[in-house]
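The values are calculated or read from the model by the stated rules, or taken from the named source; none is laboratory data. What you see is a predicted model, and the numbers here were worked out from it, not measured in a lab. Cβ sites come from the backbone with ideal geometry, for glycine too, and all protein chains shown count toward neighbours. These area figures cover heavy atoms from the full protein model, side chains too; ligands, DNA and RNA do not enter into them. Shrake-Rupley method; radii C 1.70, N 1.55, O 1.52, S 1.80 Å.
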Amino acid sequence: MHDVGAAEVLAAARARLQRLTPHEAAAAVARGALLVDTRTPAHRAEQGELPDALVIDRTVLEWRLDPACPHRIPEATTDDVEVVLVCRHGYSSSLAAASLQAVGLHRATDVIGGVEAWKAAGLPVHTGPADVRP
């Protein structure tokens with residue numbers, strides 16, 4: 001039986017986040033937040049790479065950012081790390097940020113509108129290389 005749809009799950013996830021505009025996200029990165037790009041390689045090739053972003057595949061995101069996990073990246077030092085997720089349009093990044101909060105990263109959030117909004121706001125992109133974290 002289908003009790004809850006994707007729209008309801010997304011709304012519940014976003015209710016827990018303090019989502020950022022692209023300019024707020026850029027300011028967060030300037031003060032030391034981790035900008036994490038979860039887009040596919042094809043979307044990154046089409047839209048461009050984000051300066052200072054760490055590229056982490058959505059399938060391993062929690063393991064790479066959980067400071068208690070032996071498979072974490074070096075930047076995942078505490079559960080107080082500010083993590084700003086970005087995807088193509090800002091949908092899957094909201095779900096991913098809520099998942100990171102569920103594993104204890106209480107400052108995880110995402111960019112409203114994703115990379116599309118980032119580019120529309122006139123923020124920089126480049127052609128690479130990207131800082132891809134397997």
Signed unit charges on C-beta, dipole axis of the chain, positive-most listed residue Ala30, Gly113, Ser93: Gly113
Prolate/oblate/rounded label for the chain (Cα gyration tensor, a/c 1.5): rounded
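Taking R0 as 30 Å, what's the FRET efficiency between Val9 and Thr127 from their Cβ-Cβ distance, rounded to 0.05? It would help to have the intermediate numbers written out before the result.
Values: r = 35 Å, r/R0 = 1.15.
After rounding, the FRET efficiency stands at 0.30.
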Derived scalar couplings ³J(HN,Hα) [segment 32-43; Karplus, 6.51 cos²θ - 1.76 cosθ + 1.60; whole Hz; x for Gly, Pro]: x, 5, 8, 8, 10, 9, 10, 5, 6, x, 5, 5
With every protein chain in place, the chain: carbon and sulfur % of accessible area (1.4 Å): 58
Estimated vicinal HN-Hα couplings, Hz - segment 100-110 in sequence order (Karplus 6.51, -1.76, 1.60; Gly, Pro = x): 5, 4, 5, 8, x, 7, 5, 9, 6, 7, 9
The chain, relative contact order in percent, only Cα pairs under 8 angstrom and at least six apart counted: 33
Mean accessible surface per residue for segment 48-134, computed with a 1.4 Å probe while every protein chain stays in place, in Å²: 46
Whole-Hz ³J(HN,Hα) from phi, Karplus 6.51 cos²θ - 1.76 cosθ + 1.60, for segment 85-93, glycine and proline x: 8, 9, 10, 5, 10, x, 9, 5, 5
